[in-house]
1. Taking the conditions exactly as written (of a type outside the set (V, I, T), more than 22 Å from A:F296 (Cβ to Cβ) and within 14 Å of chain B (Cβ to nearest Cβ)), does A:A206 satisfy them or not?
2. What's the number of the condition A:D306 fails, among (1) in contact (Cβ under 8 Å) with a residue 12 or more places away in the chain; (2) assigned to a loop (DSSP other than H, G, I, E, B)?
3. Of the residues that sit in segment B:627-653 and are assigned to a strand (DSSP E or B), touching a Phe, Trp or Tyr at 6+ places or on another chain (Cβ under 9 Å) and among the charged types (D, E, K, R), which one is farthest from B:A446 (Cα to Cα)?
4. Could you say which residue among B:A207, B:A260, B:A264 is buried (at least 20 other Cβ atoms within 10 Å of the Cβ), within 12 Å of the chain's Cα centre (by Cα) and within 25 Å of B:E71 (Cβ to Cβ)?
5. Is it the case that A:D306 is modelled with pLDDT of 95 or more and among the acidic types (D, E)?
6. Quick one: count up the residues across segment A:439-452 that are farther than 14 Å from A:D548 by Cβ and either in contact with an Asp or Glu (Cβ under 8 Å, 6 or more places away or on another chain) or assigned to a strand (DSSP E or B) (or both).
7. Evaluate segment B:472-488: report whether one residue or more is hydrophobic (A, V, I, L, M, F, W, C), within 14 Å of another protein chain (Cβ to nearest Cβ) and touching a Pro at 6+ places or on another chain (Cβ under 7 Å).
Amino acid sequence: MTKRHKGDLDPVTFEVLRSLFEYSCERMTEVLRRSSFSPILADMLDFSNAVYDADLQLLSQAANCPVHLAAMKFSAEAIINKFGFDTLKEGDVYLVNDPYQGGTHIPDMTFVLPIFFEGGLLGFAVSRGHWMDLGGGAAGGQSYGTHIAAEGLRLPPTKLYTNYEPNDDIVDIIMNNTRTPHYVKGDMQAHFGALLAAEGELQRAAKRYGVNVLRVAMKELQGYTERIIRKSIERIPNGEYEAEDYADSDGFRQKIKIKLKLIVKDTDIVVDFEGSDPQCQGAINSPFANTASAVFYSLQFFLSPDAPQNQGMFNPISIKLPEDCWLNAKWPAPTIGCTTLTSSKITSALWQALAQAIPERVTGSTYSECNWFVASVRDRFGKSDVFSELPAGGWGGTPYSDGMSVTCDPLGNCMNMPAETAELLFPIAYEAFEFRTDSAGSGLHRGGVGATFKVRFKGEGELSMETSRTLEGSPGVNTPFRSAVQRQTKIHTDGKAEVVGGLTPNGDWKNPLLAGLRFAPGETFMFESTGGGGWGNPYERPVQDVLDDVLDDFVSVEAARDEYGVVIDPDTLAVDEIATGERRAAGIPVPENAAE
Amino acid sequence: MWRVGVDVGGTFTDLFAWEEKTGKRVTAKVLTTKGDRSEGVIQAIEAAQLPFGDISHLIHGTTAATNALLERSYPDPALITTDGFRDTIEIGRQHRKHLYDPYQTKPKPIIRRRYRYTVPERMNGDGNVERPLNREVAADVADKIADAGIKSIAIAFINAYVNDAHEQEMQDIVRARIPDAHIVLSGETRPVFREHGRFSTTAIRAALMPVMVEFFDRLRERLKENGFAGALMILKSSGGVAGVDLAKDHPEELLESGPAGGVAYAAYLSRLTDYPNFIHTDMGGTSFDASIVEDGKGLITRDYELEWEIPVIVPMLDIHSIGAGGGSIGWVDEGGSLRVGPRSAGSEPGPACYGSGGTEATITDANLLLGRLEPSLGGKLEMDRNAAETAINALAQKIGLDPLETAEGMIRISCENMAQAVKMVLVARGRDPRDFVLASFGGAGAMHTAFVAEAMNIPKMIVPAYAGVASAFGATAMDLRQDVEAFMYASLAHVDLDEINGTFDRLEKRAMDLLAQDGVAAADVTISRSAQMRYVGQTYEVESPMPEGRFTADTLPKLAANFDEQHRLEHGVSSSDFEPAIVSLSVTATGATVKPPLFEKAEGSSAEKVKGTRQVYFAGEWAETEIFDGEALSSGDKITGPAIVEYNDACAVLPPTTHASVDDMQNLVIELGG
């Protein structure tokens, strides 16, 4: 047996500190959630917090948004690269959002506080939040242009606080460059409060256990996670597993491709993106930090969901990217859609690759989108505001059960806005957010279902949205069927529906990157999200489960017959046992759009 | 006449009673009856040898409502809602519980989708009709529900919190077809905004009504048969009580009916001792609860969730629970680290030392091995020390420590986890641990309280008398209470004073009418007002106290100042950039009840105070430790750690770094530091 714990760190103290580091991040989260002012932070929870050791290795993270998981490290590194370890002082807070210096997309603001104890550097607290608006050509920076400059204020690593006091000049610059200046000070203070919470916890721990014990525990914690991750990689058969997925559009060209090879060798994984498309014109390019984050969080689901998140989980996994690649974006490529649209496709491609290696453990793809939109709205007095929403879809069927319906994609864990809140705050009215029949991928365990979302504009507004899965739905595991396609529709005041993104009734396809689409008072935006991919052969799904789905309107009588082989009388809703037996005996049909 | 508190828990049914004339007290503990839970109430009263005819008040805490919901064991209810919102109660906020678990599922909805119907209608947020109720579709839906034989119906329409005219109209249509149905309207259940919480609470009331009506009727019948003619009162989640008839109509207010008794006890202590602020903790076999009591009141939340994304928005005591208890299992994880819980050996098979087939090392096994637990538990049980030792040895080998280090380490880890849970409770409400005394309830609480306090730098703890039957004791110390609420959205700059005054008048009248049903005279009612407030643009509220009397223009600056202060307390910040706004007004009306009297000076039983000594393991070494009989201790007695104080239903562990004294109420007050 190898000696696991070094120096003066006993296993009990290690466990105590392990949970203390986690608690520190949870506490940051609680402080940020409680003291922030903007709905996107306080209500939708689009933020993450982390603590790093003195070598800038991740120690612990409370990632509300997994897509922030690995990316925050790059932000902290960019700050050190610019300012150097030697200039760091207690009470100095740095800020960065530049996608080309440690950021991902402009709205994600990252705050970094070095933590000192008795004059020595103990570690770093890092807090990242998605701010509603930092300027650019459309609300939320979602103008879908061809240059990063169109997406808003790009802050290089900047010293925001000196000795716990903010630099008001910088705060003024930010306030001058946003459509929502009223949130700036409150939200900044909330991030600051979160950083101080972590500083207090780490300093108290250093005092109680001694700096050396703390340092040893930090390194040991990373080793601990690495052991867990390596063990779980060992359980995946060695091999090379290839998969593809694509973004429907960058606004200029259809089908921007991800191609990847997942190489498993003993306790190491390499993800090689050779063959993926070159950098594209539109706003979905992903800087390395974002691509890396997507790889790590996507694998985490099937490596070890419970392992403490720290540097140890990164060590066994390496990433190879072609130099000219939309997943390795270089200035001045626009990147606004990378955290949502692009990340979720990386997840789907990786899970499809994993499904070849361990089909008995991998789930179908989720709806593989974020469906994030931002709209600027004006009430009848001309007062303007910005609201956003992210109507979720379903998760993939699992080896054990149906997937979750209408639940935020793996990339985040953001909440929607209650209709009654939205109506109080903005000149809009939610008209629907309910399950969409036949939106899930069929399977022995079907995907969770997607939703139909409708919002009516009471005043004028412009809506921007990036999405995908409008050409094909999400794939499953060992099932020939995909989930339904997503679609964006404008319902005119006379009730006429016009598809504005995705497949139209006559089979045309419209680009689903909506940049500032105008709505007049009384017009409604409808979004139909998709469900998750299924798991296993739908012809083996128990007849009673299929009937229950029909009784609950999750599945139509037609889909029950065509995709599950279960024949149900549309009037009596009784199962025709004989017809069902015959249909199921004939074997499952292969649809035209079948996955390989 | 006797006032009797009965708490029916998962394992035991506890009773505490006191006689008004003499101040005499009795307690009883019987096993909870699994089938008909009213039977356990009868048995507890019989065990305490109380004549049913001599009971003036029976105050009952019950988990019946919570159990029915968790098991979904109620007849199928139906939901009628606005077109487009059929799935609000199932979609929730599209949030998942575990960030990275790919196999997780969400709880089953309270009402199945096939019985969720929609009708065309739309009320606007300002209370004006956007689309009238389509009566044809409404009648068709009512027919379908009647055909399905459903007798319990929730009607929950969008924006009904501001105008529920369409809900009323729908109710009439349903009533005409199903005259004997329980019909529940969202605008009446809780007229506050945010449809998910309101719909969910309405659905829960509809689901529970038939179950709780049956349950309470049977209980009342059984008590009557035995000669009981007093008042039957039920503990509510808010920390108050109500008569059984009111409780029956508001079953959604009973979900923390059990734990509320313990918190009520802590609140009672905070009014009687010199310590205004307590952290109430309760550790049993599987879970550890923590909540805050401040200035004699338990903190209230409106963010309760029955299960993931199933909110209940009535005001409830803010009680947090984690999986840590005597049965928590020690284990070594994949990375080689020693962990404790959240998995528990429960009562079956129980800790290894119970000898019922458990083989994994639990906290109870660790306590036994370290000499902190007396192996016969006062003659109630014969614990198997060898089995505990075998279990701990196996764990010790896996991590390369000796067994005693392992046992002590398990307890330390578990106490750190509990300390963090307590800290999160405090942080979430912006409170500072240094302002609090840790109050320890439950069978396993006092064994660990000193270590929990040490881990979070709280210098003082209290182990209350009757800690082992705390919820039953608390039941007898609660006031009658009604909480009513009305939506009123206005920024302070645009507030209509007449509307505030009118709304408070209306609410106070309603609350007093409700209390009058429980026999409280208007003159005996205490009213407290508050408002849910936020800064304009925020999407969450903070409860802010509101002054008595008529509101005038001069009152408004005071409201703003109150709110700023409350927001600073709960969230650590306040703002001058945003204007305060009122979202809803609430009134809490209480009618005082007669409480168990104070002792002048508590006298213990006549038994020897020191039962003897034994070797107990603390901080890496064995120490000769005095064992006290807790029931024999009297006011003014002092104890210096290391010591163990054994009670009938609990046991306090005092490590060498502590000392303690017994106060006038026979509470054990423990302090850290020699």
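1. no
2. It fails just one condition, (1).
3. Here the residue is B:D629.
4. Values: B:A207 fails: within 12 Å of the chain's Cα centre (by Cα); B:A264 fails: within 25 Å of B:E71 (Cβ to Cβ).
When all the criteria are applied, what remains is B:A260.
5. In short, no.
6. 8
7. Scanning segment B:472-488, I find at least one residue that is hydrophobic (A, V, I, L, M, F, W, C), within 14 Å of another protein chain (Cβ to nearest Cβ) and touching a Pro at 6+ places or on another chain (Cβ under 7 Å), so the answer is yes.
Rundown of residues vs (1) small (G, A, S); (2) touching a strand residue (DSSP E or B) at 6+ places or on another chain (Cβ under 8 Å); (3) touching a residue at least 40 places away in the same chain (Cβ under 8 Å), yes/no style:
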position	(1), (2), (3)
B:I627	no, yes, yes
B:L633	no, yes, no
B:Y647	no, no, yes
B:A652	yes, yes, yes
B:S661	yes, yes, no
B:D664	no, no, yes
B:L672	no, yes, yes
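The values are calculated or read from the model by the stated rules, or taken from the named source; none is laboratory data. Since this is a predicted model, take the numbers as computed values, not measurements. For neighbour counting, all protein chains shown are included, and Cβ atoms are generated from backbone atoms with ideal geometry for every residue, glycine included.
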